[in-house]
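Below you will find the structure I want to go over with you.
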Amino acid sequence: MTNPAIKNPRAEHDFVGRTCSISAVGSYVPEKVLTNADLEKLVDTTDDWITSRTGIRERRIAADDEYTSDMATRAAQRALERAEVDPADVELIILATITPDMPFPATACLVQEKIGAHNAAAFDVEAACSGFVYGLEIGQQFIMSRTYDTVLVIGAEKLSSIVDWEDRNTCVLFGDGAGAAVLQNRENTHGLLTACMGADGRKASILSQPGGGCLHPATSQSVSDRLHYLKMDGQEVFKNAVTAMTTAAREALARCELEIDRIKCIIPHQANMRILNAVGDRLGAREDQVFSNLQRYGNTSAASVAIALDEAVEQGQVERGDLILLLVFGAGLTWGAAVIEW
Ligand code: UT7
């Protein structure tokens, strides 16, 4: 028998009648545009190679004095304004990034200060390009359990700070930016129906930034060995991305007993147009169901699907009541899929 002298707040938790919805989204990309023609001057590449192999035409690059926390702050402020939420009412900030302003404190805490969300708990999530869906799933748990009523989930990256600008295999792919979502309990909607998360640490080495942790702390040797840059086995990542996002999508749809044609907008991680096409084909999706903006931003890792979701909403490709499928994949390996009634 439980001890009656101890009040267990969780005993009153009840998911029935509770939803976790995205009240509003917001995004921010830096002003500076780096085109494929610009990259031709930096490394041995061509606009034709980049466009035909990736679909990317340009990407945004943050200013020297513009950091992940600044971009996250701009995206968060836009989302909060649209949701008509006072920053003081935010109870939790989850920030997904692989390019924090510094190893610690968490960039989420820096954002908490910048937006004036002084009542919020704050922490970072490191799930690479899958971070935004990981963040949504974590945030949902707090909303559904009635621990919090308002959670801010942000994906933000300054990838230009870890990209090796001498490595043509990787430097053409990435860009900077941020996206944010306000999670709340809303009536008359199912909101976030499900989110699947997955990981496979056996393949950790195919995409990583080896230096800067306790394995290879920063030394003059680690710097000259270029260990602080992003390293990627592109072909392996490509194959795993297609398989993982397809599998995650099928699992998420099956959980909701949905067929792909019920989804209004599929928003995959914006890594490579050939990956988006391959995933769309395997799922039996029509071309017009798959959203892409990687032509303009490249791969912005944790910010990618958050920025894309904001643009899909802004462009009217998604309206309230529509079903959305978010698909993510990244280093770890990590992956995820989320089905949302918008
Ligand atoms: O956010 C995490 C998810 N990341 C991804 O999903 C990225 C997944 N991978 C990819 O998108 C593709 O694998 C890449 C775009 C990175 C590469 O495309 P690929 O068709 O797999 O090319 P590859 O790596 O097989 O390289 C083909 C050739 C190579 O030359 P050789 O060895 O055949 O002579 C490369 O050296 O293309 C060369 N190459 C380039 N040439 C011009 C590689 N990068 C470039 C470049 N410009 N930027």
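Name the residue farthest towards the positive end of the dipole of the chain from the options ALA278, THR243, PRO105, assuming +1 on Cβ of Lys and Arg, -1 on Cβ of Asp and Glu, about the Cα centre.
THR243
Along the Cα→Cβ direction, 7 angstrom out, place labels at ARG186 and GLU314. What is the inter-label distance in nm?
With each label placed 7 Å out from Cα toward Cβ, I get 1.8 nm.
From the helices alone, meaning DSSP H stretches of at least four residues, give me the mean residue ellipticity at 222 nm for the chain, per-run term -39500 (n - 2.57), in deg cm²/dmol to the nearest 500.
It comes out at -9500 deg cm²/dmol, rounded to the nearest 500.
Just to check I understand the Karplus step: with θ = phi - 60° and J = 6.51 cos²θ - 1.76 cosθ + 1.60, what whole-Hz values come out for segment 261-270, glycine and proline as x?
Couplings: 5, 7, 7, 6, 9, 9, 10, x, 3, 8 Hz.
Could you tell me how far the Cα centroid of segment 200-232 sits from the Cα centroid of segment 104-183, in Å?
Using only Cα atoms, the two centres lie 21 Å from each other.
Counting only residues 5 or more places away or on other chains, whose amide H sits under 5 Å from the amide H of SER21 once H atoms are built in the peptide plane?
When sequence neighbours closer than 5 places are left aside, the close amide H contacts are GLN184, ASN185, ARG186, LEU192.
Keeping to pairs on different chains or 8 or more places apart, tell me how many lysine pairs in the chain have Cα atoms under 25 Å apart.
12
Through the Karplus equation 6.51 cos²θ - 1.76 cosθ + 1.60, θ set to phi - 60°, convert the phi angles of segment 210-227 into ³J(HN,Hα) values in whole Hz; use x for Gly and Pro.
Rounded to whole hertz, the list is x, x, x, x, 6, 5, 9, x, 5, 9, 4, 5, 5, 6, 5, 7, 6, 6.
I've got another one for you. Over segment 192-341, what is the mean sequence separation of C-alpha contacts under 8 Å (at least six apart), divided by residue count, expressed as relative contact order in percent?
Reported as a whole number, the value is 37 percent.
Let me check against my output: what whole-number percent is the relative contact order of the chain, with C-alpha pairs under 8 Å and at least 6 apart?
24
For segment 278-284, take each phi angle, set θ = phi - 60°, evaluate the Karplus expression 6.51 cos²θ - 1.76 cosθ + 1.60, and give the result in whole Hz per residue in order, putting x for glycine and proline.
Per-residue couplings from phi come out as 5, 5, x, 4, 5, 7, x Hz.
Under 5 Å between amide H atoms, partner at least 5 residues away or on a different chain: which partners does ALA96 have, H built in plane at 1.01 Å?
Correct list: VAL125, ILE154, GLY155, ALA156.
Taking every DSSP beta bridge that has both residues in the chain, what percent is antiparallel when rounded to the nearest 5?
Just about 70 percent of them are antiparallel.
None of the figures in this text is laboratory data; all of them are computed from the coordinates on show. Everything numeric in this text was worked out from a predicted model, so none of it was measured. Neighbour counts are summed over all protein chains in view; Cβ atoms, including those assigned to glycine, are modelled from backbone coordinates with ideal geometry.
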